[in-house]
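Written out below as structure tokens is the structure these notes cover.
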Amino acid sequence: MKQQLFFKQIAFLLSLSFSFILFAQNNSWQPLGPDDSNQPSFGTSDITSLAIAPNGTIYFGYRDYVNGSKATVKKFSGTTWETIGTAGFSDGIMSQIDLSIAPNGTPYIAYQDYTNGGKATVKKFNGTNWETVGTVGFSVGGAIFISLAIAPDGTPYIGYSDTTNSNKATVMKFNGINWEIVGTPWISTGDAQYVSLAITQNGILYAGYRDIAAGGKATVKKLSGTNWETVGTEGFSVDLSAMYLSLVISPNGTPYIGYSDFNGSEKTTVMKFTGTNWETVGPAQFSAGTAVFTNLAIAADGTPYLAYADGTNSMKTTVKKFSNNSWTTVGTPGFSAGGVNYYVDLAFSPDNKKIVVGYSLSGSNGVFAKYYDAGELNTKETEIQHSGIYPNPTKGELNIKTDKKIKLSTLFDMAGRIILTTSSPKMDISELTNGTYILNVQFEDGTSFSGKVIKE
């Protein structure tokens with residue numbers, strides 16, 4: 001379904017000054033722009049997908065009814081929304097949109113292309129125009145439940161349900177010339193819904209889906225060589241059904257899924273893979289009532305967040321986070337102006353202090369984006385020169401001087417990729433290429449500090 005790879009969800013600590021220009025400090029959900037009328041689109045638009053680039057640029061794609069139900073993508077300049085390329089750039093009517101950002105910052109968009117038999121088409125923005133990646137309508141058959149993910153090496157992958165082959169889940173990748181099947185032609189036994197791809201920092205590809213052959217429960221597989229291996233057991237989810245499934249990978253490589261049980265309580269559940277089995281994150285069915293369009297994302301500190309249309313609040317948008325073994329509401333529940341109409345998107349700003357959501361509303365079909373200042377939720381940051389990290393610049397060894405117990409130190413490159421991790425107060429970066437990196441140190445008491453490290 002929705003897209004949840006690491007680069008789409010977490011562009012961590014790359015431009016600390018950016019967020020202070022882009023956002024005002026506020027502890028409630030605020031519109032991106034000076035007021036509620038300054039939104040990405042107006043009038044009749046829906047089918048949304050929001051993503052944030054490693055440099056912090058927010059992109060928002062949607063089906064644009066004003067432009068013939070074609071695809072339009074806008075970006076947030078810091079004060080207003082600007083159209084990328086031309087509005088309505090797809091060849092014709094489209095649906096099933098998914099937007100993803102490559103490690104180099106290039107926006108990609110995948111969608112079901114009605115001009116080409118309902119098959120999948122992928123385009124990327126070359127700085128001036130949207131150009132087709134490979135050929136239009138490249139999928140074997142009709143493509144629904146489309147998910148787009150970009151690997152750390154920049155390779156685009158697309159997952160979808162193939163309508164001409166019993167709606168089985170299929171994954172393809174672009175090899176630089178053509179789109180080719182990844183592994184076996186169909187990774188599911190039968191009908192697969194809400195296909196969701198995610199890729200780890202070291203390039204391991206995962207695919208999750210609602211598995212009709214397993215009673216509508218969740219199944220996750222990963223690519224091992226040329227074969228797809230089941231992660232845990234097929235149909236592992238604890239509820240009767242796993243609709244609106246989203247799969248994400250935490251910074252430490254742990255797979256998580258979020259979904260809604262629409263054959264039972266209609267409430268939402270989040271689960272993670274322990275290495276052997278799948279277990280619930282907090283209680284199952286933790287939403288107060290019906291949860292639709294569930295979208296899971298994980299912050300750079302490993303905290304899971306879930307956004308959804310909230311049935312107890314007239315299908316308005318609610319966001320929750322997992323903290324202290326329970327799910328708590330971020331801001332106020334049901335903060336959107338009205339009920340959601342395809343979909344709810346969730347992402348984090350580069351400094352991990354702002355939560356950004358996108359959605360369309362049922363009444364107006366307008367596309368909206370809001371943010372929440374999460375800077376004080378978990379993280380206390382200190383400037384690097386006051387942190388006790390030395391020497392900096394360094395030719396190899398980094399030392400962390402602190403009275404606190406270190407939980408995890410993570411070194412990122414400027415594209416947001418994890419380079420090194422350790423729980424030691426020392427880190428050897430002598431083998432790394434000279435340049436600037438971001439170091440984040442998390443302590444056992446829940447605080448952290450972060451800043452730039454220069455390797456000479």
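No value in this document is a laboratory result; all are computed from the given coordinates. Keep in mind it's a predicted model, so treat the numbers as computed, not measured. Here the Cβ positions follow ideal geometry from the backbone for every residue, glycine too, while neighbour counts run over all protein chains shown.
Here the mean projected area of the convex hull built on the C-alpha positions of the chain is 19.9 nm². The slack between Lys401 and Ser166, meaning 0.36 nm per residue of separation minus the straight C-alpha distance, is 78.7 nm. A simple spin-label model places pseudo-atoms 7 Å from Cα toward Cβ; at Thr132 and Ser362 they are separated by 3.8 nm. When both segment 296-320 and segment 322-359 are represented by their alpha-carbon centers, they are found 5 Å apart. Between Thr433 and Thr230, the FRET efficiency from the beta-carbon distance, with R0 = 35 Å, is close to 0.40. Could you name the lysines in cross-link range of Lys119, using Cα to Cα under 16 Å and dropping any fewer than eight places away on the same chain? Leaving aside lysines fewer than 8 places away in the same chain, those within reach of Lys119 are Lys70, Lys168, Lys173. In this structure, the residue pairs whose Cα-Cα separation is over 22 Å, taken from Lys321/Lys370; Lys221/Lys321; Lys74/Lys123, are Lys221/Lys321.
Considering every Cα-Cα pair within segment 192-237, what fraction, in whole percent, is farther apart than 17 Å? Within segment 192-237, distances greater than 17 Å cover 30 percent of Cα pairs.
Histogrammed with a bin width of 5 Å, the alpha carbon distances of segment 302-368 distribute as 4, 18, 27, 24, 16, 8, 3, 0 percent, first bin at zero.
Considering only Val133, Trp179, Ile429, the residue lying farthest towards the positive end of the dipole of the chain is Ile429, judged by Cα position with unit charges set on Cβ. Computed over segment 140-231, relative contact order equals 22 percent, with contacts defined as Cα pairs under 8 Å that lie 6+ residues apart. For the chain, relative contact order (Cα pairs under 8 Å, six or more residues apart, normalised by length) works out to 14 percent. Exceedance of the 25 Å cut-off in Cα-Cα distance is limited, within the set Lys222/Lys316; Lys354/Lys395; Lys405/Lys452; Lys267/Lys320; Lys353/Lys426, to Lys222/Lys316; Lys354/Lys395; Lys353/Lys426.
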